[in-house]
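Below is one structure, written out as structure tokens; comments come after it.
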Amino acid sequence: MNVAITRAREQLFVIGDSATIGADNFYNSFLTYIEQYGTYRTVWEFEL
């Protein structure tokens with residue numbers, strides 16, 4: 001994950017259940033960070 005975050009140039013998509021991955025300290029911090037900066041989106045926000 002470190003490589004994905006540090007090497008992403010324009011966009012980074014992380015797909016997973018936030019309730020599940022949020023149990024991990026690293027991913028919980030990551031989710032908090034992206035929610036703070038308004039870059040967090042759920043799949044339910046996209047029109048199919």
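A short reminder: the numbers here are calculations on the coordinates, not readings from a lab. If you're wondering where the values come from, they're calculated on a predicted model, not measured in any experiment. All Cβ positions, glycine included, derive from the backbone under ideal geometry; neighbour counts span all protein chains shown.
Observations on the structure shown:
- Tally, over the range 1-16, of residues that are exposed (fewer than 10 other Cβ atoms within 10 Å of the Cβ), part of a helix (DSSP H, G or I) and not charged (D, E, K, R): 3
- Top-ranked residue in the range 32-48 [being exposed (fewer than 11 other Cβ atoms within 10 Å of the Cβ) and among the aliphatic types (A, V, I, L, M); ranked as nearest to GLY22 (Cα to Cα)]: VAL43
- Qualifying positions in the range 27-43 - within 11 Å of the chain's Cα centre (by Cα) and not in a loop (DSSP other than H, G, I, E, B): TYR27, ASN28, SER29, PHE30, LEU31, THR32, TYR33, ILE34, GLU35
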